[in-house]
Amino acid sequence: MNWQHKDLCALADHTAQELMTILDTATAFKGVGERNLKKVPALRGKTLVNFFIEPSTRTRISFELAAMRLSADVVNISASASSLEKGETLLDTARNLEALRADLIVIRHKSAGSARFLADRLNASVINAGDGAHEHPTQGLLDAFTIREKLGHIEGVRVAIVGDILFSRVARSNIQLLTKLGAKVTLVGPPTLVPASFSPLGVEIAHSIDEVLEESDVINLLRIQHERQRKEYFPGVGEYSARFGLTKKRAGRLKENCLIMHPGPMNRGVEIDSAVADGKGSVILDQVTNGLAVRMAVLYLCSGGAPMASSATDQ
Amino acid sequence: MNHSLHITGGRVIDPANGIDEIRDINVRDGILVHEKSPHAEVIDATGKVVSPGLIDIHVHFREPGQSHKETIATGARCAAFGGFTTVVCMPNTSPVADSPSTIAWIQERAATTACVNVFCTGAITRGLAGEEMSPIGALAQAGVVALTDDGRCIQNHGVMRRAVEYARQFGLPVMDHCQEATLSADGVMNEGEWSTRLGLPGWPALAEDLIVARNILLAEETGHPIHCQHISSARSVRLLREARLRGVPITAEACPHHISLTDERLKTFDTNFKVNPPLRTPADIDAIIAGIADGTISILASDHAPHATYEKEVEFDQAPFGMLGLETELAVFLEILLHQRKALTLPQIITLLTVNPAKLLRLDRGTLSVGAPADITILDPDHSWTYDRNDSPSLSRNTPFHEFALRGRALTTIVGGKVVWDLESGFRS
């Protein structure tokens, strides 16, 4: 049990033991959310700034609620409401937040490395809520937390991550965490979105979802987008859906207790059939609930809180 | 310049004349001469190496237009500090060096403020836009030593072909920054394992290779020399090797960072390692060093590219490409090529820093021949030191080599018979 860091920028930076510490602490905090009185005084008097320079609803609200349940004061800033619009640099804006005595800065930004960039330059804790295509550490943690909660362990579990892996920070955080904790990860998608350069990360690569259906313990479906910049990567959502969508028929070939995950927001009928999203094995809403516990644990630990064992649930 | 020097006891390495022996060198009125002059200032070079003044054909001195990053004066001091007596400036200034008036402005500025020799290149196309030809004849008359759109690469092959054909009548070599833009797209680092890990957009080696191949074909077709700048990829080296064996008039240069640093350095998102073309893999480094050793790459250069700290202190993908180079260039080449890899001898390395660049650009420099301008670098190839970026004369601090332990260093830099810098006493003016 240890956690000696003020920041959480990337799961790649941390040991398996440190990451287990977060998961164990999150287990303790999950109990708080189940109570009638959903609040503990752990971060009373601390100020958290949600600094979201890229749009987000679920992650921002999750961090906000997590901070509130820890009794921290919370301020939200979006790009349009910040001085970045007026040409101020990211570093100057962040230094201003620090000058206002923010203790924790949760940042989402379109540039990979931006959380690390601030963490290296500020005394405040910096928590990465998604930096470009790099990492989304709390999403990786909540996915692992959900797998452990539902299946009892992570080691040896076969996880297929399906979709736009190349541009996905969720995929990268999942890969880092799951491989460190001993899961067997297979990335699934067309070669343009799952290039061979992922192999050195300790994963298998498959270019057909049908190859992984029978063997997987977890299928994590990523949101597929076909915006302008993706048009040269695959022909369209129709062809994608036909080759990689988790249809009802394909879902019928999954293991009896296979978990179906999605980081949201879902495109029903594209990467996942509506009935599958709402059906047996789907833990999509559990992921959202667990995200709160994981984020409470991260905020608490990065503020210097002592790690908690799972058994500390009833305190 | 009414001054005489007598450099005594040093190992004189003058590849242009096939000399490598202990002997004395004499200078009078800025020119290398046979006889020692009475009252000559004596420089004891015992135990040191006396080389023709080093030449760097790829630097960015940022004037006119971006003098907060570097000026011709401060850039020249970086050169002297690093043992370079002659530099060739790239035309991506503001305004772009695509007209005789801008060239004249730079030459005037260099003449009045620079402590080393500064030559200019002219842009191939107006505004580096890759579309319309610059007034190449007028640029030649103004004294540019080569044409290049460095920083950009002409994507339109028809435009590039005509420019090379047109340049031929003036004997001006065309230098190209090899980067196919649809493949490099918004890439900010080498495409590969590390760009995958870091989630940063990749700039694949393929984008360089494709333009190197184009340039080989154009040089072969036109018979006019094309020089490929800052080669970073193993496959480009292979293409160049094959072409040079066939006698195609194509040359290439390599930079210190491309033989010493890999893309793994980017794992901390430190923008001081962001450069174009990007740092690549260990296999690319091996291939470039092999290419230098077998003559495929015949010129060494820095691509000295200063940027202000506040410009580099931003999100990684927003930061400008480029790194300082002149101050550490000789040391990194000696550390890697001579000491670590033992890939070349010291005279061979000096050849790539003197005779070869002089030959490509037809400069009357890079030699210790009697009658030549007295540009001389006294160096110690074994001098151990640790580089501190705060010792740099540059206005910028964007070096990737801060606190690197290096072997080899210039001790005295002599330009036109005048000592402009030496390690013990620093700059003379």
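Among A:A94, A:A144, A:A133, which is among the hydrophobic types (A, V, I, L, M, F, W, C) and over 22 Å from the mean Cα position of the chain (by Cα)? Can you show your working first?
Working: A:A144 fails: over 22 Å from the mean Cα position of the chain (by Cα); A:A133 fails: over 22 Å from the mean Cα position of the chain (by Cα).
The unique qualifying residue is A:A94.
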* Can you tell which of A:K86, A:K110 is more than 12 Å from chain B (Cβ to nearest Cβ) and open to solvent by 10 Å² or more (accessible area, probe 1.4 Å)? -> A:K86
* Hits in region B:373-405 (condition: open to solvent by less than 10 Å² (accessible area, probe 1.4 Å) and touching a strand residue (DSSP E or B) at 6+ places or on another chain (Cβ under 7 Å)) -> B:A374, B:D375, B:I376, B:T377, B:I378, B:L379, B:Y387, B:N398, B:T399, B:P400
* Asked: Residues in region B:406-422: is at least one out of contact with any Gly (no Cβ under 8 Å at 6 or more places or on another chain) and assigned to a loop (DSSP other than H, G, I, E, B)?
  -> no
* To do: Starting from residues that are more than 22 Å from the chain's Cα centre (by Cα) and on the phi < 0 side of the Ramachandran plot, keep the ones in region B:406-429 and report whichever is least open to solvent (accessible area, probe 1.4 Å).
  => B:S425
* Structure fact -> When region A:139-164 is checked residue by residue, the ones that are open to solvent by 10 Å² or more (accessible area, probe 1.4 Å) and among the hydroxyl-bearing types (S, T, Y) are none
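Residue under question is A:F167, and the condition is that it be of a type in the set (F, W, Y), within 22 Å of the chain's Cα centre (by Cα) and assigned to a helix (DSSP H, G or I); does it hold?
No, not satisfied.
Residues that are touching a residue at least 60 places away in the same chain (Cβ under 8 Å): list the helices (runs of 4 or more DSSP H) wholly contained in region A:71-160 that include at least 3 such residues.
Details: elements: A:90-99, A:114-119, A:137-151.
Qualifying helices (runs of 4 or more DSSP H): A:114-119, A:137-151.
Out of all the residues in region A:62-74, which are farther than 24 Å from A:H134 by Cβ and either within 14 Å of chain B (Cβ to nearest Cβ) or surrounded by 15 or more Cβ atoms within 10 Å (Cβ to Cβ) (or both)?
A:L65, A:M68, A:R69, A:L70, A:A72, A:D73, A:V74
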* Looking only at region A:48-57, decide whether some residue is at pLDDT 90 or above and surrounded by fewer than 19 Cβ atoms within 10 Å (Cβ to Cβ). => no
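Taking region A:89-107, which residues are within 13 Å of chain B (Cβ to nearest Cβ) and β-branched (V, I, T)? Even if it seems obvious, please write down each step before you answer.
Step one: list which residues in region A:89-107 are within 13 Å of chain B (Cβ to nearest Cβ), which gives A:89-95, A:107.
Across region A:89-107, the qualifying residues are A:T89, A:T93, A:I107.
If I go through region B:202-247 residue by residue, how many of them are within 14 Å of another protein chain (Cβ to nearest Cβ), touching a residue at least 60 places away in the same chain (Cβ under 8 Å) and open to solvent by 10 Å² or more (accessible area, probe 1.4 Å)?
1
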* Select from region A:219-277 the residues that are touching a Leu at 6+ places or on another chain (Cβ under 7 Å) and surrounded by fewer than 21 Cβ atoms within 10 Å (Cβ to Cβ) and list them in ascending order. => A:Y233, A:F234, A:R250, A:R253, A:D273
* Structure fact -> So the helices (runs of 4 or more DSSP H) completely within region B:226-345 holding 1 or more residues that are within 14 Å of the chain's Cα centre (by Cα) and of a type in the set (G, A, S) are B:326-333
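Inside region A:126-138, can you point out the residues that are in contact with a Ser or Thr (Cβ under 6 Å, 6 or more places away or on another chain) and either under 17 Å from A:I22 (Cβ atoms) or open to solvent by 10 Å² or more (accessible area, probe 1.4 Å) (or both)?
Start the filter on region A:126-138 by keeping residues that are in contact with a Ser or Thr (Cβ under 6 Å, 6 or more places away or on another chain), which leaves A:129, A:131-132, A:135-137.
If the condition is that a residue be in contact with a Ser or Thr (Cβ under 6 Å, 6 or more places away or on another chain) and either under 17 Å from A:I22 (Cβ atoms) or open to solvent by 10 Å² or more (accessible area, probe 1.4 Å) (or both), then A:A129, A:G132, A:E135, A:H136, A:P137 are the ones that fit.
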* Asked: Out of the residues in region B:346-372 that are among the hydroxyl-bearing types (S, T, Y) and under 20 Å from B:S302 (Cβ atoms), which is least open to solvent (accessible area, probe 1.4 Å)?
  -> B:T354
* Output for region A:1-28, where each listed residue is open to solvent by less than 10 Å² (accessible area, probe 1.4 Å), under 17 Å from A:G304 (Cα atoms) and assigned to a helix (DSSP H, G or I) -> A:L19, A:T21, A:I22, A:L23, A:T25, A:A26, A:A28
* Asked: Which one is farthest from the other protein chains (Cβ to nearest Cβ) among residues in region B:173-201 that are in a helix (DSSP H, G or I) and in contact with a strand residue (DSSP E or B) (Cβ under 6 Å, 6 or more places away or on another chain)?
  -> B:S184
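So which of B:G295, B:G366 ends up being in contact (Cβ under 8 Å) with a residue 12 or more places away in the chain, more than 14 Å from chain A (Cβ to nearest Cβ), among the small types (G, A, S) and in contact with a Ser or Thr (Cβ under 7 Å, 6 or more places away or on another chain)?
B:G366
Out of A:R250, A:R169, A:R223, which single residue is out of contact with any helix residue (DSSP H, G or I) (no Cβ under 6 Å at 6 or more places or on another chain) and more than 23 Å from B:L198 (Cα to Cα)? Show your work before the answer.
On the way: A:R169 fails: more than 23 Å from B:L198 (Cα to Cα); A:R223 fails: more than 23 Å from B:L198 (Cα to Cα).
On inspection, the qualifying residue turns out to be A:R250.
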* Can you tell me how many residues in region B:33-65 are of a type in the set (D, E), farther than 30 Å from B:C89 by Cα and open to solvent by less than 10 Å² (accessible area, probe 1.4 Å)? -> 0
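Report whether or not B:V174 is open to solvent by 10 Å² or more (accessible area, probe 1.4 Å), at pLDDT 95 or above and of a type in the set (V, I, T).
Details: open to solvent by 10 Å² or more (accessible area, probe 1.4 Å): no; at pLDDT 95 or above: yes; of a type in the set (V, I, T): yes.
Spelling it out, it is not the case that B:V174 is open to solvent by 10 Å² or more (accessible area, probe 1.4 Å), at pLDDT 95 or above and of a type in the set (V, I, T).
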* Does any residue of region B:71-90 turn out to be of a type in the set (S, T, Y) and over 24 Å from the mean Cα position of the chain (by Cα)? -> no
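For region A:183-192, state whether one or more residues are within 12 Å of another protein chain (Cβ to nearest Cβ) and farther than 22 Å from B:D270 by Cα.
From region A:183-192, those within 12 Å of another protein chain (Cβ to nearest Cβ) are A:187; that's our starting set.
Now restrict to residues that are farther than 22 Å from B:D270 by Cα: A:187.
Checking region A:183-192: at least one residue is within 12 Å of another protein chain (Cβ to nearest Cβ) and farther than 22 Å from B:D270 by Cα.
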* Would you check if A:L246 is without any contact (Cβ under 8 Å) to a residue 12 or more places away in the chain and within 22 Å of A:I147 (Cβ to Cβ)? => no
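The values are calculated or read from the model by the stated rules, or taken from the named source; none is laboratory data. Owing to the predicted nature of the structure, the values given are computational and were not obtained by experimental measurement. FYI the Cβ positions are ideal-geometry reconstructions off the backbone, even for glycines, and counts take in every protein chain you see. Side chains included, ligands, DNA and RNA excluded: accessible areas come from the protein's heavy atoms. Shrake-Rupley method; radii C 1.70, N 1.55, O 1.52, S 1.80 Å.
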